[in-house]
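The values are calculated or read from the model by the stated rules, or taken from the named source; none is laboratory data. Keep in mind it's a predicted model, so treat the numbers as computed, not measured. Cβ placement follows ideal geometry from the backbone for every residue including glycine, while neighbour counts extend to all protein chains displayed.
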Amino acid sequence: MPQYSYSYTGKDGKRSTGLTSAKDRAAAIAVLRGQGINPLSVRESQVKTSRFKRQGKKVGFKELVVFTRELATMIDAGVPLPRSLATLADQTEHKQFKEVINAVTHDIESGIPLADAMAKHPNAFGEVYINMVRAGEAGGILNDILKRLATQVEKDSAMRHKIRSAMAYPVVILSVTIIAFFGIMLVIMPKIAKIITDLGGPDAELPIYTRAMLSASAFMKGNAIFIIITMVVALWAFKRYIKTDKGKYRWHLFMLRMPIFGKIVSKVAVARFSRTFASLMGAGVTVLEALEVTGKAVGNKVIQKELDQIAGQVRNGQSLGKQLVAAAYFPPIVGQMMLVGEETGKIDEILIKVADFYEQEVDAVIDSMASIIEPIMIIFLGAIVGLIAASVMGPIAGLSKSIGG
């Protein structure tokens, strides 16, 4: 969203400047007047990249949750915002986050709204976070919004931790398997090939799978550097590709279509959508703005595109609930609950329940997946070891008997 710099005359009669985000200049002026500010000038401005952003270091969920909860408590207690921020900056042990809070404090003291000051540090505060803070400032309920934000960040952190914990074991086993395979093929198999040649001669008849293993080993040993370079370049190219809009879209589509894992991705996206949309609606954000922000917060380009299409239909007068019922990547229950929320005027309360339900579903799927993956990985590793053993020990035993006979 574009940034607009503005100047205005404060209550003390002095001229001050600030920064705000809006779709266009007219919207920026409307936002400022809604905040009781009569701007003297408004023009589009490029927000300078802070040193924090150039370092590329992100603030962890733990630091963000603690910061959000403590800031909400201090504001609720009537502590002025600049003083609250300065106190939190002194207390945090995270060096980069301390720099961010100090920079935000400086901007606040310069007359810039809190949301606009946070927008300068996207590696610390996400778009959803900033938009909710902006809504809280506009509605005079910043402390309530910060409490909602802390809960939402905690939920996101817990879900990410759950997924990472479930994937840790299979990733370790797979890594060990790959390293062991390359070690066997590059170090052990050449020695085994020499033993077989010494026992049976170069013309010894070997099973087809043994010949395949020996040929693969010889190729890998002779082209080890080329294979390593190819793998590194392929990995680099893949990472670059999925950072592009087209590549990211196709990668996210592939993840949604994967068996088992695709269900987890879909449920995580639905839970995140429900909780984020509920928080934004509870903060007084309009439906269209909430859809736009939530689409970017879901973390999946395919679902984001679908939400953009739904937003277009809603803009044309269609019911959001009916559009979600017909959506491809949203379970019908989400649309049905949205319809109930639209009729009762309690969209935020109902979607929070939907988010809780799908977060529990994700936990259940991850637990069951973890219990299934462990034996599968053990069988996979055993199959590879068995194949290598059969390819090596069988011919050696046969050749030894031939020589002994």
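Filter segment 124-138 down to residues that are of a type outside the set (Phe, Trp, Tyr) and closer than 15 Å to Phe67 by Cα and give me whichever is modelled with the lowest pLDDT. Lay out the reasoning, then the answer.
Here is the first cut: in segment 124-138, the residues of a type outside the set (Phe, Trp, Tyr) are 124, 126-128, 130-138.
Then keep just the ones that are closer than 15 Å to Phe67 by Cα; that gives 124, 126, 130, 133.
Working: Ala124: 84, Gly126: 79, Ile130: 82, Val133: 82.
The qualifying residue modelled with the lowest pLDDT is Gly126.
If we scan segment 117-131, do we find a residue that is surrounded by 20 or more Cβ atoms within 10 Å (Cβ to Cβ) and polar (S, T, N, Q)?
The answer is yes, given that some residue of segment 117-131 is surrounded by 20 or more Cβ atoms within 10 Å (Cβ to Cβ) and polar (S, T, N, Q).
When you look at Lys296, is it out of contact with any Ser or Thr (no Cβ under 8 Å at 6 or more places or on another chain), surrounded by 14 or more Cβ atoms within 10 Å (Cβ to Cβ) and within 17 Å of Ile350 (Cβ to Cβ), yes or no?
Here the answer is no, as Lys296 does not meet what is asked.
Out of segment 110-119, which residues are touching a Phe, Trp or Tyr at 6+ places or on another chain (Cβ under 9 Å) and not in a helix (DSSP H, G or I)?
Across segment 110-119, the qualifying residue is only Gly111.
Could you say which residue among Ile141, Ile108 is modelled with pLDDT of 80 or more and surrounded by fewer than 22 Cβ atoms within 10 Å (Cβ to Cβ)?
Ile108
Just checking, does segment 172-180 include any residue being surrounded by 16 or more Cβ atoms within 10 Å (Cβ to Cβ) and either among the acidic types (Asp, Glu) or under 27 Å from the mean Cα position of the chain (by Cα) (or both)?
yes
For segment 177-291, please list each of the helices (runs of 4 or more DSSP H) lying entirely inside it that holds at least 1 residues being charged (D, E, K, R) and in contact (Cβ under 8 Å) with a residue 40 or more places away in the chain. Explain how you work it out, then say what you get.
Working: elements: 189-200, 208-222, 224-241, 245-257, 261-282.
The qualifying helices (runs of 4 or more DSSP H) are 245-257, 261-282.
Can you tell me which residues in segment 114-141 are in contact (Cβ under 8 Å) with a residue 60 or more places away in the chain, over 15 Å from Val293 (Cβ atoms) and not hydrophobic (A, V, I, L, M, F, W, C)?
Asp116, Lys120, His121, Asn123, Glu137, Gly139
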